[in-house]
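In what follows, a single structure is set out as structure tokens and then discussed.
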Amino acid sequence: MLIGSSSRNPVGDAPTSPKYSDKLSPAINNYLSEASRQEVRVSNIIVISSVAHKSEKFVCLLLEPQGTPENGYLWQRVNSQLSSPSQPYSLREALAQAQSSRIGASAQALRESLHPILRQKLELWEENLSAAVSLQVLEISEKFSAMAASHSIATDYGKLDCLSSIIMSFFSRNQPLVFSKAFLPVFNNVFDLHGATLMARENDRFLKQVAFHLLRLAVFRNDNIRKRAVIGLQILVRSSFYFMQTARLRVMLTITLSELMSDMQVTQMKSDGTLEESGEARRLRKSLEEMADEVKSSGFLKECGLPEDALLVTPENFKENRWSWSDVKSLSGSLLLALDASLEHALLGSVMSMDRYAAAESFYKLAMAFAPVPDLHIMWLLHLCDAHQEMQSWAEAAQCAVAVAGVVMQALVARNDGVWSKDHVTALRKICPMVSSEITSEASAAEVEGYGASKLTVDSAVKYLQLANKLFSQAELYHFCASILELVIPVYKSRRAYGQLAKCHTLLTNIYESILEQESSPIPFTDATYYRVGFYGERFGKLDRKEYVYREPRDVRLGDIMEKLSHIYESRMDGNHTLHIIPDSRQVKAEELQPGVCYLQITAVDPVMEDEDLGSRRERIFSLSTGTVRARVFDRFLFDTPFTKNGKTQGGLEDQWKRRTVLQTEGSFPALVNRLLVIKSESLEFSPVENAIGMIETRTAALRNELEEPRSSEGDQLPRLQSLQRILQGSVAVQVNSGVLSVCTAFLSGEPATRLRSQELQQLIAALLEFMAVCKRAIRVHFRLIGEEDQDFHTQLVNGFQSLTAELSHYIPAILSEL
């Protein structure tokens with residue numbers, strides 16, 4: 001076994017033996033004598049040690065002799081100091097003299113008692129000794145590996161503990177380049193011969209340690225060491241293609257990267273006080289990129305003493321080459337994603353307390369980056385859930401809890417351990433689309449020393465489903481609550497937990513009553529407000545020239561979010577930049593904006609229902625209030641922008657155009673974050689007459705909806721009287737019917753009427769006739785519903801309708817016969 005520490009920091013408490021050389025065998029004593037005659041300079045160091053006695057550890061440093069007189073012979077330049085009468089020339093004499101006068105002193109005290117030149121000479125001797133020992137151990141290990149593979153020798157090391165412990169001893173100590181050149185070919189050969197054993201689950205601890213040390217070496221400033229770490233990682237990946245699931249190696253590397261990142265300093269302070277990526281993080285990034293670089297790989301292999309096609313060589317007993325650069329790139333990309341997420345989280349620093357949107361996104365990116373490891377994935381999802389609860393973003397917090405439950409359910413379904421099936425995972429995915437639809441064994445691959453699916457149980461899934469139910473209830477999204485409880489009930493049924501089943505069904509009763517209350521309310525239920533936010537300016541960094549849709553609580557108005565975002569981003573402006581908010585929804589041309597000014601464009605948007613006709617010219621003021629309350633999952637949003645061809649925003653009805661912009665987001669709301677990136681934007685334009693027709697059709701549709709969609713009210717299927725009165729008053733009352741008359745004035749009289757195409761003229765007249773017919777029918781229904789107290793109001797409606805009919809007859813004479 002190879003243990004110990006550097007001779008430059010020796011263990012100081014172990015007692016020394018009477019003679020320094022008594023601990024050494026005759027062969028080593030002979031080697032030490034030869035080494036003392038060479039007296040060469042230290043150039044490369046390997047920290048390795050040999051146990052020569054139970055009471056003391058020796059530290060040996062490997063040295064590579066240099067061949068030039070200018071730099072190779074240290075003692076020739078310092079012999080004048082050694083010739084001093086007060087200092088013995090012989091190291092052996094000095095050690096003997098020190099030991100005779102310091103009986104019982106520690107090895108460290110004995111070393112420190114020497115003259116600095118003799119102390120350096122002692123270290124050189126030990127380095128020579130280490131050179132022989134370490135390389136000899138490496139040679140013996142290689143021979144043992146070959147003999148064990150050919151079954152020429154019998155060994156009781158089922159897991160090859162002897163080889164793995166020696167390899168870990170080499171990895172756990174800093175090694176010189178000369179040793180690395182000899183080590184990597186042996187490392188590759190050992191995994192080639194014994195990959196099936198070394199990469200079995202029984203050796204997961206060993207593999208995890210190897211992965212950690214290779215990633216640690218990938219951070220080194222020394223480019224030669226860093227390149228060898230890259231090749232070591234490629235050797236591990238190559239072995240995984242033949243001897244284990246690549247998913248399990250991904251899990252191991254992700255775990256070890258997470259542990260390494262906790263020890264690394266990933267950021268450093270710039271002169272202006274801001275943070276930037278550290279040199280360690282940049283070198284690790286470079287190593288992970290080079291790991292998947294097919295062009296550089298052959299050169300790296302050659303430098304490390306391996307054949308250029310070493311990665312393509314097929315191990316014995318395998319017929320086909322399984323090396324895949326695409327899989328290596330996928331693995332490298334996964335690790336880089338984790339590195340980037342960790343770096344971005346660290347760079348946020350103090351900004352996280354002010355910019356909660358960026359903080360939530362940071363936790364989300366960490367959760368996604370560490371998704372291959374369920375434990376880490378769940379940990380970051382729960383951090384995100386806590387962050388949302390602090391912001392009172394109940395729907396987003398609930399989605400995090402659902403995502404955690406989804407991770408657990410998938411692991412249980414993958415190993416057929418639980419009461420759920422793929423259908424239940426599909427049902428959960430309708431609530432949280434982030435839950436993967438693919439049931440894989442990757443979760444079970446995460447069983448690596450404290451990380452694993454063994455901690456994912458049915459009880460833990462139920463716990464997070466219940467948390468999600470509570471949070472969705474706070475968000476008043478009761479349709480999600482019902483779906484979640486339907487997933488909890490099978491668990492209690494399988495356990496015959498009748499008390500819990502009774503509670504679940506009581507909760508379901510309350511939930512369905514809440515849904516019924518939302519549907520029957522005369523005020524349309526709104527669970528949130530949505531805003532499109534565009535970023536334009538260099539100081540926004542990665543956000544520059546991107547658009548997001550923000551989901552806010554339903555009581556947040558446009559002015560509120562403007563004030564909130566101004567407060568967040570004004571603090572990021574420096575002396576050379578100012579913040580300006582664009583007050584309208586016009587199309588922004590980034591190249592025309594002023595330099596030195598950062599712009600925020602904030603626009604209220606409406607969510608688009610799944611079956612909605614986006615090409616409809618109707619206004620959308622009633623589109624979300626019609627029908628029953630459905631699962632409010634939105635990934636499309638729109639807003640209308642009025643404009644005229646002469647450049648003005650507003651004009652007369654005959655000049656007023658409308659541009660409808662439809663936005664597609666990356667994912668759907670409610671999501672794990674409060675804002676989603678806009679990935680697609682489309683625009684439609686409506687002419688003035690189309691706007692006018694759309695306005696009339698909107699009012700017609702609202703009235704028809706009240707007449708044709710009955711609501712339950714104390715058991716009677718009757719329209720809601722209050723809602724009907726409100727819409728009728730806005731349609732036929734004398735004081736508000738100028739909208740319909742103004743349409744007739746603008747398009748059906750004089751010169752404007754001659755500009756209309758016959759088809760447009762017919763559509764406009766048909767829309768007006770239909771509107772008046774529905775109003776007449778609504779007034780009749782209103783008469784049947786009212787009591788004595790509403791007679792005066794009904795008389796006003798009748799008078800208003802008659803007056804409106806008389807006015808319209810000037811433009812459409814046929815309206816009298818139609819009505």
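The values are calculated or read from the model by the stated rules, or taken from the named source; none is laboratory data. Treat the numbers as computed from the prediction; the structure is a model and nothing was measured. Cβ placement follows ideal geometry from the backbone for every residue including glycine, while neighbour counts extend to all protein chains displayed.
Among the residues of region 287-338, write down those that are under 17 Å from Ala229 (Cα atoms), within 24 Å of the chain's Cα centre (by Cα) and part of a helix (DSSP H, G or I).
Answer for region 287-338, where residues must be under 17 Å from Ala229 (Cα atoms), within 24 Å of the chain's Cα centre (by Cα) and part of a helix (DSSP H, G or I): Ser287, Leu288, Glu289, Glu290, Met291, Val328, Lys329, Leu331, Ser332, Leu335, Leu336.
Residue-wise test of (1) surrounded by fewer than 17 Cβ atoms within 10 Å (Cβ to Cβ); (2) modelled with pLDDT of 75 or more; (3) in a helix (DSSP H, G or I).
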| residue | (1), (2), (3) |
| --- | --- |
| Gln97 | yes, no, yes |
| Ile103 | yes, no, no |
| Leu118 | no, yes, yes |
| Ser130 | no, no, yes |
| Gln136 | yes, yes, yes |
| Ser145 | no, yes, yes |
| Ile166 | no, yes, yes |
| Ser169 | no, yes, yes |
| Gln175 | no, no, no |
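Contact list please: Cβ distance under 6 Å, first residue in region 215-230 and not polar (S, T, N, Q), second residue not in a helix (DSSP H, G or I), pairs at least six apart or on different chains.
Qualifying pairs under 6 Å: Arg226/Ala218; Arg226/Phe220; Arg228/Cys304; Ala229/Ala218.
Can you confirm whether region 259-271 contains a residue that is touching a strand residue (DSSP E or B) at 6+ places or on another chain (Cβ under 8 Å) and among the hydroxyl-bearing types (Ser, Thr, Tyr)? Break it down stepwise before answering.
Within region 259-271, the first condition is being touching a strand residue (DSSP E or B) at 6+ places or on another chain (Cβ under 8 Å), and the residues that meet it are 266-270.
Of the ones still in play, those that are also among the hydroxyl-bearing types (Ser, Thr, Tyr) are 267.
The answer is yes; a qualifying residue exists.
For Lys648, are the conditions met, namely being farther than 30 Å from Phe472 by Cβ and touching a Pro at 6+ places or on another chain (Cβ under 8 Å)? Before you say what the answer is, go through the steps one by one.
Numbers: farther than 30 Å from Phe472 by Cβ: yes; touching a Pro at 6+ places or on another chain (Cβ under 8 Å): no.
No.
Can you pull out every residue in region 763-819 that is of a type in the set (S, T, N, Q) and either surrounded by 14 or more Cβ atoms within 10 Å (Cβ to Cβ) or modelled with pLDDT of 85 or more (or both)? Spell out the reasoning first.
Taking region 763-819 and keeping what is of a type in the set (S, T, N, Q), we get 763, 791, 795-796, 799, 802-803, 805, 809, 817.
If the condition is that a residue be of a type in the set (S, T, N, Q) and either surrounded by 14 or more Cβ atoms within 10 Å (Cβ to Cβ) or modelled with pLDDT of 85 or more (or both), then Gln763, Gln791, Thr795, Gln796, Asn799, Gln802, Ser803, Thr805, Ser809 are the ones that fit.
Can you name the condition, by its number, that Ala358 falls short on among (1) within 30 Å of Asn189 (Cα to Cα); (2) out of contact with any Lys or Arg (no Cβ under 8 Å at 6 or more places or on another chain)?
(1)
What's the number of the only condition in (1) in contact with a helix residue (DSSP H, G or I) (Cβ under 7 Å, 6 or more places away or on another chain); (2) modelled with pLDDT under 90; (3) surrounded by fewer than 16 Cβ atoms within 10 Å (Cβ to Cβ); (4) of a type in the set (Lys, Arg) that Lys589 fails to meet?
Every condition holds for Lys589 apart from (1).
Among the residues that make up region 290-301, is at least one of them more than 21 Å from Phe183 (Cβ to Cβ) and crowded, with 20+ Cβ neighbours inside 10 Å? Lay out the reasoning, then the answer.
Of the residues in region 290-301, the ones more than 21 Å from Phe183 (Cβ to Cβ) are 292-295.
Next, from what is left, pick out any that are crowded, with 20+ Cβ neighbours inside 10 Å: 292.
Yes, some residue in region 290-301 is more than 21 Å from Phe183 (Cβ to Cβ) and crowded, with 20+ Cβ neighbours inside 10 Å.
Suppose we keep only residues that are of a type in the set (Gly, Ala, Ser) and out of contact with any helix residue (DSSP H, G or I) (no Cβ under 9 Å at 6 or more places or on another chain) within region 502-536. Which one would you say is surrounded by the most Cβ atoms within 10 Å (Cβ to Cβ)?
Per the criteria, the residue is Gly534.
Tell me whether region 559-568 contains one or more residues that are modelled with pLDDT of 85 or more, among the small types (Gly, Ala, Ser), loosely packed, with under 13 Cβ neighbours inside 10 Å and not assigned by TED's automatic domain parsing to the domain that holds Ile511.
To start, the set of residues in region 559-568 that are modelled with pLDDT of 85 or more comprises 559-568.
Add one more test, that the residue is among the small types (Gly, Ala, Ser), and what stays is 559, 566.
If we keep only those that are loosely packed, with under 13 Cβ neighbours inside 10 Å too, we end up with 559.
Then drop every residue that is not not assigned by TED's automatic domain parsing to the domain that holds Ile511, which leaves 559.
So far as region 559-568 goes, yes, one or more of its residues are modelled with pLDDT of 85 or more, among the small types (Gly, Ala, Ser), loosely packed, with under 13 Cβ neighbours inside 10 Å and not assigned by TED's automatic domain parsing to the domain that holds Ile511.
Restricting to region 440-459, what's the tally of residues that are of a type outside the set (D, E, K, R) and either at pLDDT 95 or above or surrounded by fewer than 17 Cβ atoms within 10 Å (Cβ to Cβ) (or both)? Break it down stepwise before answering.
Step one: list which residues in region 440-459 are of a type outside the set (D, E, K, R), which gives 440-441, 443-446, 448, 450-454, 456-458.
Checking which are either at pLDDT 95 or above or surrounded by fewer than 17 Cβ atoms within 10 Å (Cβ to Cβ) (or both) leaves us with 440-441, 450, 454, 457.
Residues flagged as of a type outside the set (D, E, K, R) and either at pLDDT 95 or above or surrounded by fewer than 17 Cβ atoms within 10 Å (Cβ to Cβ) (or both) within region 440-459 amount to 5.
Do the conditions hold for Met354, that is, is it surrounded by fewer than 18 Cβ atoms within 10 Å (Cβ to Cβ) and at pLDDT below 95? Lay out the reasoning, then the answer.
Numbers: surrounded by fewer than 18 Cβ atoms within 10 Å (Cβ to Cβ): yes; at pLDDT below 95: yes.
Against the criterion (surrounded by fewer than 18 Cβ atoms within 10 Å (Cβ to Cβ) and at pLDDT below 95), Met354 qualifies.
Under 26 Å from Arg551 (Cα atoms) and small (Gly, Ala, Ser): which single residue out of Ala338, Ala369 fits that description?
On the way: Ala338 fails: under 26 Å from Arg551 (Cα atoms).
Unique residue meeting the criteria: Ala369.
I'd like to check something: does region 340-355 contain any residue that is over 30 Å from Leu471 (Cα atoms) and among the polar types (S, T, N, Q)?
Applying the first criterion (over 30 Å from Leu471 (Cα atoms)) to region 340-355 yields 340, 343, 347.
This time we only want the ones that are among the polar types (S, T, N, Q), so: none.
No; the residues of region 340-355 include none that is over 30 Å from Leu471 (Cα atoms) and among the polar types (S, T, N, Q).
Could you please find all residues in region 783-801 being touching a helix residue (DSSP H, G or I) at 6+ places or on another chain (Cβ under 9 Å) and under 13 Å from Val732 (Cα atoms)?
Answer for region 783-801, where residues must be touching a helix residue (DSSP H, G or I) at 6+ places or on another chain (Cβ under 9 Å) and under 13 Å from Val732 (Cα atoms): Phe793, His794, Gln796, Leu797, Val798, Asn799, Gly800, Phe801.
Tell me whether region 71-84 contains one or more residues that are in a loop (DSSP other than H, G, I, E, B), modelled with pLDDT under 60 and exposed (fewer than 13 other Cβ atoms within 10 Å of the Cβ).
Step one: of region 71-84, the residues in a loop (DSSP other than H, G, I, E, B) are 73, 83-84.
From what's left, modelled with pLDDT under 60: 73, 83-84.
Then keep just the ones that are exposed (fewer than 13 other Cβ atoms within 10 Å of the Cβ); that gives 83-84.
Yes, some residue in region 71-84 is in a loop (DSSP other than H, G, I, E, B), modelled with pLDDT under 60 and exposed (fewer than 13 other Cβ atoms within 10 Å of the Cβ).
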